[in-house]
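Okay, structure first, notes after.
Please treat every number below as a calculation from the coordinates, not as lab data. It should be emphasised that the depicted structure is a prediction, and the values quoted were computed from it without experimental measurement. When we count neighbours, we look across all protein chains shown, and the Cβ atoms used for this are built from the backbone with ideal geometry, even at glycine.
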């Protein structure tokens, strides 16, 4: 008879087993790595959590994420949410019993702390879907693009002719790709990104602290597009060694300078880095819901990636408050 054990918090998890699980799992992502948990734990504006489950002494599953809320006291009360980027880290041979225990523990811990729990999958969880749904998680369709990055030449050929032209023109006009290391450059990038979120995306952006600390991680990369000594765009990536580069944020002052396309050049910087450093593919971290129009999807589609639908798992702990919060977000985005 198999024996199961739940692990509550990082102090109860064997980090060597965790790293091995990350290396072997077919649904591994940076967001379930010990280093990602430690990064979350260094941030002042969110509360991280991590749970594990072992079967017969072997670690089979990890659930790593954070609780976050926005704004003043009232808004924070209605925006409390638990986000699990990348989905769960699971052994390919995890039993239904072990997965069930991990999911139940996640629900039990978070029910009183968040209005909803959302797992944002960046891999294929189809074989685990039934177990998630039995525990009460609903599947939400969500698209993404994965770009194969065998080498820089083939990656460039995958781009649309328009994107290849835009990259060539941007460089010809004097725009260059740099890795942001200086505080001045990072602040310029953050200001562009913040303006994008406030005026167009209309959702909350992580504070500057997030970007400042991420840029210092061995697994963190922040690329800037520099023109006439100023940053005019850039991208923020995290890395899963030998596997994936994830583009967490990208922005640019598109349309401001003739023949310069900073957002395109910033995304190409990520793809080129992945191709030149032996990563298997580049993950664009989302392309919207399949039944909704999404302009960003059109932009991302031109980089030659494969359109995948790995979806999300959602568990609503407080349905009434969830409805209020959803309506409030819709009103904000309309104005």
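Some points to look at:
- Those residues of segment 118-147 whose amide nitrogen sits under 20 Å from the label point placed on residue 96, 7 Å along Cα→Cβ: 125-139
- Over the chain: Kirkwood hydrodynamic radius from C-alpha pairwise inverse distances, Å: 20.9
- Rounded to 10°, Cα long-axis angle of helix 161-172 versus longest principal axis of the chain: 60
- Once C-alpha pairs closer than 8 Å and six or more residues apart are averaged by separation and normalised to the residue number of segment 145-308, the relative contact order reads 34 percent.
- Where only C-alpha atoms are counted, convex hull volume of segment 145-308 per residue in Å³: 111
- The reciprocal of the average 1/r between distinct C-alpha atoms defines the Kirkwood hydrodynamic radius, which for segment 32-166 equals 17.2 Å.
- By DSSP, the beta bridges lying fully in the chain are antiparallel in about 85 percent of cases.
- Mean-position separation - Cα centroids, segment 105-169 and segment 268-319, in angstrom: 6
- Taking the C-alpha atoms only, the angle from helix 15-24 to the longest principal axis of the chain is near 60 degrees.
- On Cα atoms only, tilt of 262-276 relative to the major axis of the chain in degrees: 60
- Length-normalised contact order of the chain in % [C-alpha pairs under 8 Å, at least 6 apart]: 20
- With a Förster radius of 30 Å applied to the C-beta separation of residue 208 and residue 296, the computed FRET efficiency comes to 0.80.
- Working from Cα pairs under 8 Å separated by at least six residues, relative contact order for segment 1-131 is 26 percent.
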